[in-house]
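Colleague: Quick one: the structure is below, questions incoming.
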Amino acid sequence: MRKGVKKATSTTLAALLKENRVFKPSKEFKSQAYIKDKSIYRKAVKNPQAFWEHQAESLTWFKKWNKILDWKLPFAQWFVGGKINACYNCVDRHINSVIRNKAAIMWEGEPGDNRVLTYWDLYREVNKLANAIQSLGIKKGDRVAIYLPMIPEAVMSMLACARIGAVHTVVFGGFSAEALKDRINDAQAKLLITADGGYRRGTIVQLKQAADAAVQNCPSIKNVLVVQRCKNEIKMQQGRDHWYHDVMKNAQSYCEPEKMDSEDLLFILYTSGTTGKPKGIIHTTGGYMTGVTFTSKYVFDLKPEDVFWCTADVGWVTGHSYITYGPLANAATVVMYEGSPDWPERNRFWKIIEKHGVTIFYTAPTAIRAFMKWGTQWPEGCDLSSLRLLGSVGEPINPEAWVWYYEYIGRERCPIVDTWWQTETGCILISPLPGVTILKPGSATKPLPGIEAKVLTEEGKEVKVGGGYLALTKPWPAMLRGIFGDPERYRQTYWSRWGGKYYFTGDGAKIDEDGYYWLLGRVDDIMLVAGHNISTMEVESALVDHSSVAESAVVGIKDEIKGQAIAAFVILKDGNTPGQEVAEALKQHVVNKIGAIARPSKIIFTSDLPKTRSGKIMRRLLRDVAEGRALGDVTTLADTTVVENLKRKYEEET
Ligand code: PRX
């Protein structure tokens, strides 16, 4: 570790950045932290399986496992033979103590309405909902799709599924009807839980309308359960659609939780793959719950008196692990917010922190960069003194945003945990432990106890100091168990490099002299747009689906706020004239096919694309063009004039 470690003082941002400081945990934080020294790392290295077994013991099991790990690479089973229920661990086990009356969810709707659900409330609601879902014919192993706004019913639906052993697949409410349809069909879901609408920036997102359009082409869906959120006008199809409040009215108040095998499926969550087809990542029960319960408690130093706010949507893995399963298994109080950070004003998040006394705040770098742009007057106008820990997730955080977050939100008091993980990893894997880790802005620091990672070269040689690919070299309990219905794709995507020995994360990383990991972003064809994974192929397929498009190539380009934005190079079919109007139509077409998160920010019309002799599009060169850089190595191109012309044309037009 670098000598002369100092605690930050209120020097200017520029000075902080220039000094390249490191940040030591303060005495005050350390003295109260769960983990105050590094012995936990040594213990875990000595016997990783015993370490994870110890963590699993913090959960309530109906029957103990007879084997900790069964590892038949690349297929892992954890806590084999154990019986457990995720919902029971998040709810039932808390209601026989004072926790019964503690707030589980403090929810705030965008228009300003509020709901507080105690653990007892949650218990009662989830039991009834589990019975209601069962009465709609859902049994253990059946899939249930959830397409809801950020309302407590989203969490309750997940827990109710888990209670009866149904497998949920939550689809982010910002996805289009078409994206919803694809996910439902892949999962063969029988039930869809949705709402009439949800609020976003003062308007109603017409969820039911999108759900209706999707379900038309989903023969597996037998019933649709509809939460009344906005009271907007919707169509209810008789026999298929049921109001949530109606079925709840008649539901029995207790539903026996299913004794699930540790390796029974808990959920499927779709994430972008390098092909156009999203991958249904599958997570099972015992190992996933162990991972999220452990990390929620120790990465966030989550205490019974904390108020924990993770701003992610439950439609993403962050919402699964750090709104629902991890915090609730720890009997925490979570804040949940429905809407946008700039509604009605750009201080909404800070107002929520002030109002609910949030102590731990977990958000994404893209949001932090937007806050920076909006100006310090917004957080400065609010009382943020309740905060004691900050977190970041979803993409690399640039040191400038890190320092801003530290200074203006944490007021130089709160450690920041930059947490690296993925939908596939289930829980946080690389992150500081806030009571012991010395922080370096921009680095997720080191793998957590029990996790083994390496930076490897293409050939699989370990990089001790320098750059390469991030690999995970030992199985961990919350790891994905596969891709739904496609074990071969699982093997191919994650376990085909390095002789199939290690898990390939798809991320580039650098390791420094202190063994700190610096994540560098994706090395495959997946873009990180405002922290959301979107594959270039997905957007390309959406574009060529438009009647005027002959071919397209999509690249992620640098964006000040979103990290990456989408640039699409498009070849139009003969008879179509490039122009603003077509560009707008194409952007809208992508929104209709995938959702607003995938809207290209630039459409560049061209008559040709740079390709290698074997016909592969050279995206690297397209990125050079779109970001206005000098062209990199062009020697493998079939025709170098194509990209030169494209660059010239691009520069003339912009
Ligand atoms: O590239 C990494 C980036 O997000 C990817 C995983 O995305 P997703 O499955 O949607 O899960 C996001 C929430 C966990 C990773 O492969 N990523 C996530 N967190 C970080 C990050 N990159 C750098 N630093 C992080 N803290």
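Values quoted throughout were computed directly from the atomic coordinates according to the rules given, and no laboratory measurement underlies them. Note that this is a predicted model, so its numbers are computed, not measured. So basically every Cβ, Gly included, is an ideal-geometry build from the backbone, and we count neighbours across all protein chains shown.
Colleague: Return a yes/no flag: does the range 213-221 have any residue that is surrounded by 23 or more Cβ atoms within 10 Å (Cβ to Cβ) and within 19 Å of A596 (Cβ to Cβ).
Modeller: yes
Colleague: Ok, one more. State yes or no: is K464 away from the ligand (no atom under 16 Å from the Cβ), more than 20 Å from the chain's Cα centre (by Cα) and either at negative phi or not in a loop (DSSP other than H, G, I, E, B) (or both)? Walk me through it before giving the result.
Modeller: Values: away from the ligand (no atom under 16 Å from the Cβ): yes; more than 20 Å from the chain's Cα centre (by Cα): yes; either at negative phi or not in a loop (DSSP other than H, G, I, E, B) (or both): yes.
Yes.
Colleague: Further, regarding this structure: Looking only at the range 397-421, count how many residues are buried (at least 19 other Cβ atoms within 10 Å of the Cβ) and either within 19 Å of the chain's Cα centre (by Cα) or within 12 Å of the ligand (Cβ to nearest atom) (or both).
Modeller: Here the count works out to 9.
Residues are listed down the side, and each one gets a yes or a no for (1) among the acidic types (D, E); (2) over 21 Å from V314 (Cα atoms); (3) more than 14 Å from the ligand (Cβ to nearest atom):
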| residue | (1), (2), (3) |
| --- | --- |
| S392 | no, no, no |
| E395 | yes, no, no |
| I428 | no, no, no |
| L480 | no, no, no |
| G485 | no, yes, yes |
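Colleague: Cβ-Cβ below 8 Å, separation at least six or inter-chain, first residue in the range 643-654 and farther than 12 Å from A626 by Cα, second of a type outside the set (S, T, Y): which pairs?
Modeller: Taking only residues 6 or more apart or on different chains, the pairs are E644/L631; N645/D608.
Colleague: Another question about this same structure. Which of the residues that make up the range 498-517 are more than 20 Å from L448 (Cα to Cα) and either in contact (Cβ under 8 Å) with a residue 40 or more places away in the chain or of a type in the set (D, E) (or both)?
Modeller: First, the residues of the range 498-517 that are more than 20 Å from L448 (Cα to Cα): 498-501.
W498, G500, K501 - these are the residues of the range 498-517 that are more than 20 Å from L448 (Cα to Cα) and either in contact (Cβ under 8 Å) with a residue 40 or more places away in the chain or of a type in the set (D, E) (or both).
Colleague: Tell me whether the range 288-297 contains one or more residues that are surrounded by fewer than 23 Cβ atoms within 10 Å (Cβ to Cβ) and touching a residue at least 12 places away in the same chain (Cβ under 8 Å). Spell out how you get there, then give the answer.
Modeller: Within the range 288-297, the first condition is being surrounded by fewer than 23 Cβ atoms within 10 Å (Cβ to Cβ), and the residues that meet it are 297.
From the residues that got through so far, the ones that are touching a residue at least 12 places away in the same chain (Cβ under 8 Å) too are 297.
Yes, the range 288-297 has at least one match.
Colleague: So, one more: Can you tell me which residue within the range 432-450, out of those that are within 14 Å of the ligand (Cβ to nearest atom) and on the phi > 0 side of the Ramachandran plot, is surrounded by the fewest Cβ atoms within 10 Å (Cβ to Cβ)?
Modeller: Out of the qualifying residues, it is G442.
Colleague: Next up: Among the residues of the range 77-101, which ones are surrounded by fewer than 20 Cβ atoms within 10 Å (Cβ to Cβ) and either closer than 20 Å to A453 by Cα or touching a residue at least 12 places away in the same chain (Cβ under 8 Å) (or both)? Break it down stepwise before answering.
Modeller: Kept after step one, since they are surrounded by fewer than 20 Cβ atoms within 10 Å (Cβ to Cβ), are these residues of the range 77-101: 80-81, 83, 92-93, 95-101.
Result: V80, G81, K83, D92, R93, I95, I99, R100, N101.
Colleague: Do we find that F51 is surrounded by fewer than 14 Cβ atoms within 10 Å (Cβ to Cβ) and in contact with a Lys or Arg (Cβ under 7 Å, 6 or more places away or on another chain) in this structure? Before you say what the answer is, go through the steps one by one.
Modeller: Numbers: surrounded by fewer than 14 Cβ atoms within 10 Å (Cβ to Cβ): no; in contact with a Lys or Arg (Cβ under 7 Å, 6 or more places away or on another chain): yes.
The answer is no for F51.
Colleague: Another question, then. Looking at the range 257-306, which of its residues are closer than 30 Å to M537 by Cα, hydroxyl-bearing (S, T, Y) and either part of a strand (DSSP E or B) or touching a Pro at 6+ places or on another chain (Cβ under 8 Å) (or both)? Don't jump to the end; show me each part of the working.
Modeller: At the first step, the residues of the range 257-306 found to be closer than 30 Å to M537 by Cα are 265-284, 288.
After this cut, where a residue has to be hydroxyl-bearing (S, T, Y) as well, the list is 270-272, 274-275, 284, 288.
Matches in the range 257-306: Y270, T271, S272, T284, Y288.
Colleague: When G141 is evaluated against the numbered criteria (1) on the phi > 0 side of the Ramachandran plot; (2) in contact with a Phe, Trp or Tyr (Cβ under 7 Å, 6 or more places away or on another chain), which criterion, by number, is the only one it fails?
Modeller: Failed condition: (2).
Colleague: Select from the range 276-328 the residues that are among the hydroxyl-bearing types (S, T, Y) and more than 16 Å from the ligand (Cβ to nearest atom) and list them in ascending order.
Modeller: Those that are among the hydroxyl-bearing types (S, T, Y) and more than 16 Å from the ligand (Cβ to nearest atom): T284, T285, T290, T293, Y298.
Colleague: Also, quick follow-up: Which one of these is of a type in the set (K, R) and in contact (Cβ under 8 Å) with a residue 40 or more places away in the chain: K562, K587, K573? Let's see the steps before the verdict.
Modeller: Details: K587 fails: in contact (Cβ under 8 Å) with a residue 40 or more places away in the chain; K573 fails: in contact (Cβ under 8 Å) with a residue 40 or more places away in the chain.
When all the criteria are applied, what remains is K562.
Colleague: Could you tell me which numbered condition A195 fails, if it satisfies all but one of (1) closer than 26 Å to V590 by Cα; (2) more than 21 Å from the chain's Cα centre (by Cα); (3) surrounded by fewer than 22 Cβ atoms within 10 Å (Cβ to Cβ)?
Modeller: Of everything listed in (1) closer than 26 Å to V590 by Cα; (2) more than 21 Å from the chain's Cα centre (by Cα); (3) surrounded by fewer than 22 Cβ atoms within 10 Å (Cβ to Cβ), A195 misses just condition (3).
Colleague: If L472 meets every condition in (1) surrounded by 22 or more Cβ atoms within 10 Å (Cβ to Cβ); (2) within 16 Å of the ligand (Cβ to nearest atom); (3) under 22 Å from K297 (Cα atoms) apart from one, which number is that one?
Modeller: Of everything listed in (1) surrounded by 22 or more Cβ atoms within 10 Å (Cβ to Cβ); (2) within 16 Å of the ligand (Cβ to nearest atom); (3) under 22 Å from K297 (Cα atoms), L472 misses just condition (3).
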